[in-house]
Amino acid sequence: MTSELIPVSQSKPGLGWLKPWAPVIGGLLALVLSSILIILSGANPLEAYQVLVLGAFGGSRQITETILKATPLLLIALGLTIAFRARVWNIGAEGQYHIGALLGSIVALTLPNLPALLLIPLMLLAGIVGGLLWSGLAGLLHLKRGVNLIICTLMLNYIGILMVQYAARVPFRDPDGFLPESAKFVDAAQIPRLFSSRLHLGVLVALALVGVVYVLLWRSPLGFRLRAVGAKISVAHSLGINTSQHILTALLLSGALAGLAGVIEVSYTYTRLKQGISDGYGFTAILVALLGQMNPVGVLVSAVLFSGLVVGAQTLNVSLQIPAAVAGVLQALLVLGVLAGQAISQRDN
């Protein structure tokens with residue numbers, strides 16, 4: 001008789017203890033699948049993974065390169081984390097990155113005589129405003145005209161990229177050069193380095209923003225309202241939250257950080273306005289935010305991981321003649337594996 005009082009979910013033996021480990025298992029399965037590709041490329045997977053890790057983290061030079069690549073990914077992914085937490089699907093970070101780089105470059109090229117203490121902050125502010133305006137344009141089209149937000153932000157990417165290419169080829173082209181690019185920025189317009197390393201001030205800005213975004217999302221009234229909008233709009237309405245206003249706010253904050261990443265990269269890495277100022281950071285950052293489970297600390301780890309895969313893949317290509325595209329496949333498999341494992345771990349017994 002007592003057995004009838006025991007709930008069925010408790011009386012059944014199961015594998016519920018595995019659920020917390022499902023994301024890890026998904027990531028391991030991704031490595032197994034990637035190993036098959038490596039074998040097909042004619043290499044030993046264990047040797048390839050060793051070369052990959054050492055190529056990304058095997059010395060101060062490698063670690064520095066990984067951190068530099070991770071910085072724009074981290075900045076953009078932090079902005080996307082804000083948007084995604086509010087269930088605002090901003091797919092336009094690549095365009096926002098380019099517009100931020102464009103406006104920051106205009107400041108650098110038109111005000112070269114300003115001292116660095118004035119010029120650098122003005123450039124950063126211009127980059128933030130550029131990304132903010134570009135994401136705000138998508139937000140207004142969505143809220144005022146009912147344009148699908150995903151399609152709108154996606155299409156604005158290409159307009160932003162083409163605007164940078166036009167600016168570099170026509171109005172800001174270096175008259176003394178032969179390539180479609182602007183003149184090199186003056187030293188005062190280049191983000192300063194940290195001590196004697198190749199790391200720059202933008203790295204510290206990105207790390208500081210990890211804490212800022214965490215406090216914003218989980219320790220502030222605005223963050224609560226953004227997460228409420230993301231949880232369920234009807235509940236947000238019942239709490240008296242203006243959902244349209246907060247959707248626009250999430251987009252503006254997201255675009256601002258993408259624009260900041262753009263101006264930092266064009267100021268330090270390229271030191272001039274030109275086409276090809278992004279390695280697809282805006283699109284990769286979407287995967288970084290998802291793999292980091294839209295948590296700022298997780299996003300930091302994810303950004304370093306993705307950057308390490310890219311940097312390490314270059315070593316793979318040189319040492320073992322494995323195509324660098326394998327790193328992109330590994331990135332995608334890792335995201336799919338971890339997200340699938342996370343979905344399984346959240347299912348009811």
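The values are calculated or read from the model by the stated rules, or taken from the named source; none is laboratory data. Bear in mind the structure is a predicted one, so any value in this text is a computation, not a measurement. Cβ coordinates were reconstructed from backbone atoms using ideal geometry, including for glycine residues, and neighbour counts include every protein chain displayed.
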Check your understanding: Regarding Ile159, is this residue over 15 Å from Leu260 (Cβ atoms) and among the aliphatic types (A, V, I, L, M)?
Key -> yes
Practice item. Specify which of the listed residues (Ile39, Ile82) is hydrophobic (A, V, I, L, M, F, W, C) and free of Cβ contacts under 8 Å to residues at least 60 places away in the same chain. Key: Ile39
Practice item. Filter region 264-308 for residues that are closer than 30 Å to Phe172 by Cβ and of a type in the set (Phe, Trp, Tyr) and give the result. Key: Tyr268, Tyr270, Tyr281, Phe283
Point to revise | Candidate set: region 83-110, residues that are in contact with a helix residue (DSSP H, G or I) (Cβ under 8 Å, 6 or more places away or on another chain) and among the hydroxyl-bearing types (Ser, Thr, Tyr); chosen: the one nearest to Gly276 (Cα to Cα) | key: Tyr97
Review point. Can you spot a residue in region 173-181 that is touching a residue at least 12 places away in the same chain (Cβ under 8 Å) and within 27 Å of the chain's Cα centre (by Cα)?
Key: yes
Practice item. Answer yes or no: is there a residue in region 272-284 that is more than 25 Å from Val186 (Cβ to Cβ) and of a type in the set (D, E, K, R). Key: yes
**Study point:** Residue count, region 255-282 (criterion: in a helix (DSSP H, G or I) and either touching a Lys or Arg at 6+ places or on another chain (Cβ under 7 Å) or among the hydroxyl-bearing types (Ser, Thr, Tyr) (or both))
**Key:** 5
Point to revise | Residue check, Leu333 within 26 Å of Arg61 (Cβ to Cβ) and not in a loop (DSSP other than H, G, I, E, B) | key: no
Practice item. Could you please find all residues in region 316-347 being surrounded by fewer than 20 Cβ atoms within 10 Å (Cβ to Cβ) and among the polar types (S, T, N, Q)? Key: Asn317, Ser319, Gln321, Gln342, Ser345, Gln346
Review point. Do any residues in region 153-171 that are within 11 Å of Leu102 (Cβ to Cβ) and at pLDDT 95 or above have Cβ atoms under 6 Å from those of residues that are in a helix (DSSP H, G or I) and among the small types (Gly, Ala, Ser), where the two are at least six apart or on different chains, and which pairs are they?
Key: Gly160/Gly95
**Study point:** Residue selected from region 34-78 under the condition in contact with a Gly (Cβ under 7 Å, 6 or more places away or on another chain) and of a type outside the set (A, V, I, L, M, F, W, C), by the criterion nearest to Leu248 (Cα to Cα)
**Key:** Thr71
Review point. Right, Val32: crowded, with 18+ Cβ neighbours inside 10 Å, at pLDDT 85 or above and part of a helix (DSSP H, G or I) or not?
Key: no
Point to revise | Which numbered condition Phe185 fails, given (1) surrounded by fewer than 13 Cβ atoms within 10 Å (Cβ to Cβ); (2) part of a loop (DSSP other than H, G, I, E, B); (3) not basic (Lys, Arg) | key: (1)
Exercise for review: List every residue pair whose Cβ atoms lie under 6 Å apart, where the two residues are 6 or more positions apart in sequence or sit on different chains, the first residue falls within region 182-209 and is of a type outside the set (D, E, K, R), and the second residue, located anywhere, is assigned to a strand (DSSP E or B).
Suggested key: Ile191/His200; His200/Arg193
